[in-house]
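Asker: Sending over a structure as C-alpha cells; questions will come in a sec.
Just so it is clear, none of the values below were taken in a lab; they were calculated from the coordinates. Just so it is clear, the model here is predicted, and its values are computed rather than measured. Glycine gets a Cβ as well: all are built from the backbone with ideal geometry, and neighbour counts include every protein chain shown.
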Amino acid sequence: MKNAKIVLGVSAGIAVYKAVEILRLLVKEGADVRVVMSANAGQFVTPLTFEALSGNPVYHTLFDSQNSADMEHIRVAENADLLVVAPATASMLGKMAHGLADDALSNLYLAFKGSVLIAPAMNEGMWGHPAVRENIGLLKSRGLEFVDPEYGELACGVTGPGRLADTSVILEKIRSFFNQRNDLNGMRFLVTAGPTHEPIDPVRYLSNPSSGKMGYAIAEQAKTRGGEVVLISGPTSLKPPSGVNFKPCKTADEMNSLVQECLQNCDVLIMSAAVGDFSPEKLEKEKIKKQGNEGLVLKLVPTKDILLEVAQRNLGKLVVGFAAETQNLVESALEKLKKKNLDLIVANDISAPGIGFQSDSNQVTIIDRDENIENLPLKPKRDIADLLLDRILSLLKSPEL
Ligand SMILES: Cc1cc2nc3c(=O)[nH]c(=O)nc-3n(C[C@H](O)[C@H](O)[C@H](O)COP(=O)(O)O)c2cc1C
C-alpha cells in the first residue's frame, strides 16, 4: 500500500480505539493517511492521537477559520483514492444515506468522488433496526462497499451481531482494493467522451446532451487501476481526471483526427463519446440573421464514421463501442457490433428516465463478439466503468484475441 492515499473517517462508536490500530497498521504499510473525524468521535479518542500516528493534521471541526478558508473537506476529498469509514455509527450511516452534512466527516463524504469502504459497528438492536437496514441497502445500491460487523460480545453487554469487524479483515479488504487497482498496469487506453459540436455559424452549433460522465469515469478508473490513459473529449463541464493525457476537441472531424493519430499507441480503444452523425454542409462565416418569419433550411452531411475508419485500418486493437439507442436496443447494438467489427459494445436506452446522458448512474447491456448478452443493473457510472474494464481485462487475457 506504499503511497496509497487513504482517508480514514472515524465516527463516534465505542470501537474508535480500533480505528487507532487500523491507522497505525496502514501507516506501517506505507499508506498516506488523512484522518477525518465526526464532531462526536472526539468524545472517545482525541484528534491528537490520530494526528501523531498519521503525521498529518486531522480534520475534525467544520467551523474552524483556517479549515473553512482552505475548504478542507474539498481538498482532502480530492486527494484520496479510498475513504474508509471505521467505525461507522448508525447515525453516520443515516447521514451518508440521506445526504446530511453537519460535521467534518459527513461533509467530506459528500464531496468525495472515489471509492468508499464502510465498517459499521453498533449495538445489535441498532444493527437490526429497519431504518439502519434500509440505509445500508441504499448505500450498497450506490456502489459503496461494506465490511460487515462480527457476531460477538458487544460493549453494551449483550452478544449479537454489531462488533466492528476484526482489524485484520478490514486491512485485507483495503489491501485487496489497492491490489485490484493495479490490475491494468502497463495497458494503454484511448478513451473518447462527451458530445461533439458541429458549427453552423460563429455562434451556433449542432450537438447532443452528452455530459461526458461515462467516458470520464472510464478514463478515471482505468488510470486508478494502473492503466496509461489518453482521454479525447468533446466540450464538457467536467474536470479531466488527474494523471490522464487529456486532448480536448470540438467537432467530430477533430475527434476523428485525434483518434486516428493516437490509435497506434494504444492497446484498447473505448469510444464512449456521443459523436454527432451529421454536420452542416456549409459553415457560415457570419452569424445567420433572422429574416422575419422565414424559416431556415440547413443541409446536413454525414460526419466521418470514426469506428468504421478504425475497423478499416485493422490495427488489431481491442475496440469497444457504445450504442445510445431509443428503440430495439439489443438488435441495434448487435448490428453496430458486427458492422464496425467491435470486440464489445455497451448499449444503453437513453429514452429511459434516470439513466443515460446527464445522470450519474447508468443501466447498460454489454454484448461481446460471440453475442453473449449481459444486462447490468442500474449502477453509478464509476461502477459501470469498473465492470466494463473487468470485461476488457478478461478479453485481453483470453488466448483467442
Ligand atoms: C459510550 C457510547 C458508545 C456508543 N457506541 C456506539 C456504537 O458503537 N455505534 C453506534 O452507532 N453508536 C454508538 N453510540 C452512539 C453515538 O455516539 C451517537 O449516535 C452519536 O450521535 C454518533 O455521532 P456521529 O455518528 O456523528 O459520530 C455510542 C454512544 C455512547 C455514549
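Asker: Inverting the mean 1/r over all pairs of different Cα atoms, compute the Kirkwood radius of region 5-181 and quote it in Å. List each step's numbers first, then the result.
Answerer: On the way: mean 1/r = 0.0624 Å⁻¹.
16.0 Å is the Kirkwood radius here.
Asker: Among ILE170, ALA311, LEU296, which residue has its Cα positioned farthest towards the positive end of the charge dipole of the chain, with +1 placed on the Cβ of Lys and Arg, -1 on the Cβ of Asp and Glu, and the dipole taken about the Cα centre?
Answerer: LEU296
Asker: For region 264-306, list log₁₀ I(q)/I(0) at each q in 0.18, 0.25, 0.33, 0.34 Å⁻¹, using the Debye formula over Cα point scatterers of equal strength and ignoring solvent, two decimals each.
Answerer: -0.74, -1.00, -1.19, -1.21
Asker: Hey, what D do you get for region 229-353 in µm²/s if you plug the Kirkwood alpha-carbon radius into Stokes-Einstein at 25 °C and 0.890 mPa s?
Answerer: Once the numbers are plugged in, D ends up at 147 µm²/s.
Asker: Roughly how far apart, in whole Å, are the Cα centres of region 12-38 and region 80-102?
Answerer: Here the two parts' Cα centres lie 15 Å apart.
Asker: Next up: Taking neighbour counts of Cβ atoms within 10 Å as a proxy for exposure, in what order, fewest first, do MET96, MET187 appear? Before the final figure, lay out the partial values.
Answerer: Values: MET96 26, MET187 20.
With the sparsest Cβ surroundings first, the list reads MET187, MET96.
Asker: Can you give me the three principal axis dimensions of region 3-92 from its C-alpha atoms, in Å, biggest first?
Answerer: Result for region 3-92: principal-axis Cα extents of 32, 30, 23 Å.
Asker: Counting other Cβ atoms within 10 Å, keep those with at most 14, restrict to DSSP loop, and tell me which trypsin sites (Lys or Arg not before Pro) in region 1-71 are left.
Answerer: Counting only loop positions with at most 14 other Cβ atoms within 10 Å, the trypsin sites (Lys or Arg not before Pro) in region 1-71 are LYS2.
Asker: Also, I was wondering about something else. Would you calculate a helix-derived [θ] at 222 nm for the chain, using -39,500 (n - 2.57) for each DSSP H run of n ≥ 4 and dividing by the full residue count, to the nearest 500?
Answerer: Helix-only estimate at 222 nm: -10500 deg cm²/dmol.
Asker: What is the Cα convex hull volume of region 40-141 when expressed per residue in Å³?
Answerer: Hull volume over Cα atoms, normalised by residue count, gives 107 Å³.
Asker: Let me ask another. Can you tell me what share of the DSSP beta bridges in the chain is antiparallel? A percent to the nearest 5 is fine.
Answerer: 30
Asker: Using a simple spin-label model with points 7 Å from Cα along the Cα→Cβ vector, what separation in nm is obtained for LYS140 and ARG75?
Answerer: A separation of 3.8 nm, rounded to one decimal place.
Asker: Which residue, ASN245, ASN372, ASN185, has the most motion in a Gaussian network model of the chain that connects Cα atoms within less than 10 Å?
Answerer: Residue with maximal mean-square fluctuation among ASN245, ASN372, ASN185: ASN372.
Asker: So, R0 is 41 Å and r is the distance between the beta-carbons of SER242 and ALA131; what FRET efficiency does that work out to, to 0.05? Walk me through the numbers before you get to the answer.
Answerer: Details: r = 38 Å, r/R0 = 0.92.
So, using R0 = 41 Å, E works out to roughly 0.60.
Asker: Report the gain in length on full extension from THR326 to SER359: 0.36 nm times residue separation, minus Cα-Cα distance, nm rounded to one decimal.
Answerer: The THR326-SER359 span can extend by a further 10.3 nm.
Asker: I've got another one for you. From the square roots a ≥ b ≥ c of the eigenvalues of the alpha-carbon gyration tensor of region 199-280, which class results: rounded (a/c under 1.5), prolate (a/b over b/c), or oblate? All intermediate terms of the calculation are to be shown ahead of the outcome.
Answerer: Values: a/c = 2.39, a/b = 1.66, b/c = 1.44.
Prolate is the answer for region 199-280, as a/c is 1.5 or above and a/b outweighs b/c.
Asker: Under the definition of Cα pairs under 8 Å and six or more residues apart, what whole-number percent is the relative contact order of region 5-181?
Answerer: Contact order relative to length: 21 percent.
Asker: Taking the alpha-carbon set of region 188-397, what are its Rg and Dmax in Å?
Answerer: Spelled out, the Cα radius of gyration and Dmax of region 188-397 are 17.4, 63 Å.
Asker: Going by alpha carbons, how many degrees (0 to 90, nearest 10) lie between the helix axis of 130-141 and the longest principal axis of the chain?
Answerer: Helix 130-141 sits at roughly 40 degrees to that axis.
Asker: I'd like the orientation of helix 167-181 relative to the chain: the angle between its Cα long axis and the longest Cα principal axis, in ° from 0 to 90, rounded to 10.
Answerer: In the chain, helix 167-181 runs at an angle near 20 degrees to the longest axis.
Asker: Another one. Mind checking which of ALA121, ALA352, ALA12 has the largest fluctuation in a GNM of the chain, springs on alpha carbons under 10 Å?
Answerer: Answer for the Gaussian network model of the chain: ALA352.
Asker: Here is a follow-up. For region 330-398, report the % of Cα-Cα distances exceeding 18 Å. Numbers along the way, then the final one.
Answerer: On the way: 904 of 2346 pairs.
Result: 39 percent of Cα pairs exceed 18 Å.
Asker: Quote the charge dipole size of region 51-122 about the Cα centre in Debye, to the nearest 20; the model charges only the Cβ of Lys and Arg (+1) and of Asp and Glu (-1).
Answerer: So the magnitude is around 240 debye.
Asker: I would also like to ask the following. From the residues THR159, SER361, THR196, which one has its Cα farthest along the dipole of the chain in the positive direction, the dipole being from +1 and -1 charges on Cβ of Lys/Arg and Asp/Glu about the Cα centre?
Answerer: Projecting each Cα onto the dipole axis, the largest value belongs to THR196.
Asker: Here is a follow-up. Take the Cα atoms of region 187-246, find their three principal axes, and give me the spread along each one in whole Å, biggest first.
Answerer: Projected onto the principal axes, the Cα atoms of region 187-246 cover 42, 16, 14 Å.
Asker: Taking only C-alpha pairs under 8 Å that are 6+ residues apart, what is the relative contact order of the chain in percent?
Answerer: The normalised contact order for the chain reaches 11 percent.
Asker: Using the alpha-carbon atoms, what tilt in degrees (0 to 90, nearest 10) does helix 16-28 show relative to the longest principal axis of the chain?
Answerer: 60
Asker: Report the full-extension gain for the segment GLU294 to LEU48: residue separation times 0.36 nm, less the Cα-Cα distance, to one decimal in nm.
Answerer: Result for the pair: 81.3 nm of gain on full extension.
Asker: Further, regarding this structure: For all pairs of alpha-carbon atoms in region 291-372, what percent lies in each bin of width 10 Å, listed from the first bin to the last filled one?
Answerer: Values per bin, smallest distances first: 16, 36, 28, 13, 6, 1.
Asker: Turning to a different aspect of this structure: Over the alpha carbons of the chain, what is the largest minus smallest coordinate on each principal axis, giving the biggest first in Å?
Answerer: Extents along the principal axes: 77, 57, 39 Å.
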